[in-house]
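Please treat every number below as a calculation from the coordinates, not as lab data. Everything numeric in this text was worked out from a predicted model, so none of it was measured. Here the Cβ positions follow ideal geometry from the backbone for every residue, glycine too, while neighbour counts run over all protein chains shown.
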Amino acid sequence: MGLPSSINLRAPRDHRRLVLDLIHESPDGTTRAEIARSLELSRSAVSGLVDDLLQTGLVREQERRQSRAGRKPIGLEINASAGQIIGVDIGATHIRGILADIAGRPLAELNTSFDIKVGPVKTLAEVRRLVDRLMRDGESSLAHVRSVGLGVPGPVISERGVVLAAPIMPGWHEYPIRRSLEDAWQRPVVVHNDANLGALGEWTYGAGRRCPNLVFVKVGTGIGMGMILGGRLHEGQVGAAGEIGHLTLVENGPLCSCGNRGCLEALAGGGAIALQARELVRQGQRTHLSTLASLDRLSARDVAEAATQGDHLAQQLFAQAGEYIGIALAGVINMLNPGVVIIGGGVAQSGDLLLEPVRAQIRKRSLQAGVLTSQVTSASLGLRSSALGAVAAALSLSFDHFIAHTASGQPAPVAERG
Ligand SMILES: [Zn+2]
């Protein structure tokens, strides 16, 4: 259930939904004539669809503006006062929440540090506290919230709102994430994998706007990948697609959180970078990192900082991580030929330090057709790709609900509750 319906996996292509998506994609408003042109529908057909949407209160007519050429046609826009939505991104070590109006404009945002290893009960309590604070900051209440989108760093069965055997989420297997939050909030919740939401966020608001073939790689503590292929979010049979972090790159390499050896994540994830740095410091290698107060708490961010300050060892660690990611992505590009490859997540905030070796390996190893057509770039939404993707997923759910309630409409299919 991504946004818009062109990447909605299950709902039929309801014309009202397509019209709604076009209006949402035009922050300055659009007109019936423009919609008719875009969707190749007759003006009268579009008028009927727009009338349905106006009745829901989600769409409204803009005030008519006078132009020198005469009266302009009446513009249409999302009625931002029709409700609010919440997007939450749970990472391995952070939770980010965004409260937005139903036009998708953020009203309040919070980020908090925590550890996902504390398990589902404590984590979801933390999520509820964060949402309470968001409500206070946004001077709002849950009564105004239409739906909530949630991202988690593991394979998700969206229909059931549970994760399956996520290596970095001990204790979460089959925990009823969605049901627990829906019970607490009495609001519909949609759960997706965080990298899939990152792809959706960058596709909706960021570096891959409307690109029908997009790959988003989230390099944080672990490494995940979200894919939009042929204009659809590709989640695989049980939401486990895109687990690029567990691609074996070195047969007998370092042990990975999944139990295998030599996975990309165990070689190039933020956790791996920190581990390698600690090991090298212990071996007595010359590096500024040895001056840090606590070696046990040394993080990939410390390594990135040292690298930007010219620390040779830290730079080498990033170059090596970038090379491994580039090797994996060269294969992805050969296989999928995406129009854009977006690198996001905490570790990617180091910019060219990571991106340059990634690009070099892609140039070296991908077939030329892929190199020429796949643009490799960093996430333009920074650390917010997944949280804004959660906003987009929540909007999509709300839009479906509005459509289901249009006067002349058939009820839109609602995902089965598990
Ligand atoms: Zn692995």
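Quick notes
- Rounded tilt (10° steps) of 312-336 against the dominant C-alpha axis of the chain: 50
- When both segment 149-206 and segment 122-141 are represented by their alpha-carbon centers, they are found 17 Å apart.
- For the pair Leu39 and Ala125 in one chain, pulling the backbone fully straight at 0.36 nm per residue adds 26.5 nm over the alpha carbon distance.
- Angle in degrees between helix 120-137 and the longest Cα principal axis of the chain, rounded to the nearest 10: 50
- Percent antiparallel among DSSP beta bridges (both partners in segment 209-380, rounded to 5): 55
- If the chain linking Asp28 and Ala369 were pulled fully straight, counting 0.36 nm for each residue of separation and taking away their Cα-Cα distance, it would gain 119.0 nm.
- Each DSSP beta bridge with both residues in the chain is either parallel or antiparallel, and the antiparallel ones are about 60%.
- Segment 327-380 and segment 30-62: distance between their alpha carbon centers, rounded to Å: 39
- Theoretical gain in end-to-end length, Leu295 to His312 [0.36 nm per residue, Cα-Cα removed]: 4.3 nm
- Entry note, the chain: relative contact order of 18 percent, from Cα contacts under 8 Å with a spacing of 6+ residues.
- If you take all other residues with their beta carbon under 9 Å from the beta carbon of Ala314, and give Lys and Arg +1 and Asp and Glu -1, the sum is -3.
- Qualifying trypsin sites (Lys or Arg not before Pro) in segment 177-251, where qualification requires a DSSP coil assignment and no more than 14 other C-beta atoms within 10 Å, comprise Arg209, Arg210.
- In the chain, excluding the sites themselves, the longest stretch lacking any of the GluC sites (Glu not before Pro) that are in a DSSP loop with at most 10 other Cβ atoms within 10 Å is 252-415.
- Computed on segment 208-250, with alpha-carbon pairs under 8 angstrom and 6+ residues apart, the relative contact order is 32 percent.
- Footprinting exposure proxy for Cys211, Cys263, Cys256 (fewest neighbouring C-beta atoms within 10 Å first): Cys211, Cys256, Cys263
- Against the chain, whose longest principal axis is taken from its Cα atoms, helix 352-365 shows a tilt of about 90°.
- Cut-off 13 Å between beta-carbons: net charge of the residues surrounding Ala165, Lys and Arg +1, Asp and Glu -1: -2
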